[in-house]
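Input: a single structure, listed below in structure tokens.
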Amino acid sequence: MRIVVDVAPLSHPRTGVGNYIRGSLIGLAGTGHEVVAFALVSRDGRAEIERALEGIDVESRLFEVPAAHALRTVWSRFGRVPVERLAGALDVFHFGDWWFPPQRGGLRSTMVHDLVPLHHPEWVHARTRWMHGSKYKGVGECDVVMVNSRFTGDDVVSTLGVAPERVHVAHPGVEPEFSPAGEWMDLGRPYLLTVATLEPRKNLDTLVAAHRLLAGDLALAVAGAAGWGNPPVLDAPGIVRLGYTPASDLPRLYRGASVVVYPSLFEGFGMPVVEAMACGVPVVASSHPSLDEACGDAAVRADPLDSEALAQGIRIALDRRDELVPRGLRHAASFTWGENARAHVEAWAAVA
């Protein structure tokens, strides 16, 4: 098969969605199929994508255009030129949330990471609501809808009305760099760690309150770029704000942590949970069911809206480290990009 994959989100510094796309490409490149990374991007965006694709054996069709976002939007909503005009002949066109250009032939496949903009529009930027809302309207026209968790898959069926047989789960994987072996970050004192964009859904204010309740020597390190909305208050004593942390630095940061805490209110999957486990660190995670698959039975769960419950969860994780770390390593080992690619290819082959 010739598989054309929309990689436009890789034009920005990578977070969860970008890491998922890159990992999927790593897996797909090993399947023996012809894989094409395709996007309309700005000059800076092209350079960012090229860095993300280094070492991955895929064909690049990256078109540098002015006003790339506006052009993608117009092509999606009003365009009549098929994607094949730029991407070439294809058997599968697999696209994400940013645009959905028409195609002349082949399978039409899309990825849904979560339905947060529909369930909680107050948690996302207005542009995100608009972009995702437009894309969701066309999901039912796709031959295949890939999702990153069974939770998201069930949500797509019940909320968007997509036939269950069109929805296929491809859990994210963990790259080999995420392991207990290797250098670890030294922040000058023991620290808790959370990895999250600074936005309302990530619920960092509750984590800050929980950290205050611990009243011990543990710092709270916050790794994540500024998002939108009212930022969490991170100027309290004992909080270390690290800002955006490149994926290449995350393994060291995870390994150095005493506990990783992920108090998100709603996720598609929750990749930092599994990455932390793969690095040999105990995890405390929100009890919201969207995180069940990421956590398995290897994390301490806590009510994300209760700062005392989060603080108690952290105490439990510290006490049960010797139990949680091996359990987390076993759980994380089940998530590979090879398995992710297999799920994609099997879904497409079943329809072809």
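The values are calculated or read from the model by the stated rules, or taken from the named source; none is laboratory data. The structure displayed is predicted, hence computed values, not measured ones. Ideal geometry is used to build each Cβ from the backbone, glycine not excepted, and the neighbour counts take in all protein chains shown.
Quick notes
- Qualifying position, being surrounded by fewer than 20 Cβ atoms within 10 Å (Cβ to Cβ), basic (Lys, Arg) and modelled with pLDDT of 95 or more, among Arg252, Arg201: Arg252
- For the stretch 31-46, a residue qualifies if it is of a type outside the set (Val, Ile, Thr) and over 21 Å from the mean Cα position of the chain (by Cα), and the qualifying residues are Gly32, His33, Glu34, Leu40, Ser42, Arg43, Asp44.
- Residue within the stretch 199-220 that is of a type in the set (D, E, K, R) and touching a helix residue (DSSP H, G or I) at 6+ places or on another chain (Cβ under 6 Å) present: yes
- Per the conditions (1) within 15 Å of Val5 (Cβ to Cβ); (2) of a type outside the set (A, V, I, L, M); (3) touching a residue at least 40 places away in the same chain (Cβ under 8 Å); (4) surrounded by fewer than 21 Cβ atoms within 10 Å (Cβ to Cβ), the sole criterion not satisfied by Trp99 is (4).
- Where Glu267 falls short, out of the listed (1) touching a helix residue (DSSP H, G or I) at 6+ places or on another chain (Cβ under 8 Å); (2) over 15 Å from Arg321 (Cα atoms); (3) surrounded by fewer than 24 Cβ atoms within 10 Å (Cβ to Cβ): (3)
- Residue match in the stretch 238-250 (condition: among the β-branched types (Val, Ile, Thr) and part of a helix (DSSP H, G or I)): no
- Once the stretch 79-132 is narrowed to residues that are in contact with a Pro (Cβ under 9 Å, 6 or more places away or on another chain), of a type in the set (D, E, K, R) and part of a loop (DSSP other than H, G, I, E, B), the residue that is modelled with the highest pLDDT is Arg104.
- Qualifying residue in the stretch 102-124 (condition: surrounded by fewer than 16 Cβ atoms within 10 Å (Cβ to Cβ) and at positive phi): no
- Residue selected from the stretch 279-307 under the condition of a type in the set (Asp, Glu) and in a helix (DSSP H, G or I), by the criterion surrounded by the fewest Cβ atoms within 10 Å (Cβ to Cβ): Asp292
- The one condition in (1) touching a residue at least 40 places away in the same chain (Cβ under 8 Å); (2) in contact with a Leu (Cβ under 8 Å, 6 or more places away or on another chain); (3) not assigned by TED's automatic domain parsing to the domain that holds Met277 that His168 fails to fulfil: (2)
- The sole residue among Gly296, Gly270 that is closer than 30 Å to Phe93 by Cβ and under 18 Å from the mean Cα position of the chain (by Cα) is Gly270.
- Residue check, Arg150 touching a residue at least 60 places away in the same chain (Cβ under 8 Å), under 24 Å from Asn19 (Cβ atoms) and of a type in the set (Lys, Arg): yes
- Yes/no for Arg80 being surrounded by fewer than 15 Cβ atoms within 10 Å (Cβ to Cβ) and among the basic types (Lys, Arg): yes
- One residue stands out among those in the stretch 183-201 that are in contact (Cβ under 8 Å) with a residue 60 or more places away in the chain and not in a loop (DSSP other than H, G, I, E, B): the one that is nearest to the chain's Cα centre (by Cα), which is Val195.
- Considering residues of the stretch 121-134 that are of a type outside the set (Phe, Trp, Tyr) and more than 18 Å from the chain's Cα centre (by Cα) only, the residue farthest from His94 (Cα to Cα): Glu122
- Of residues in the stretch 167-178 being out of contact with any Gly (no Cβ under 7 Å at 6 or more places or on another chain) and surrounded by 20 or more Cβ atoms within 10 Å (Cβ to Cβ), the one nearest to Gly296 (Cα to Cα): His171
- Test: residue in the stretch 133-141 that is hydroxyl-bearing (Ser, Thr, Tyr) and in a helix (DSSP H, G or I): yes
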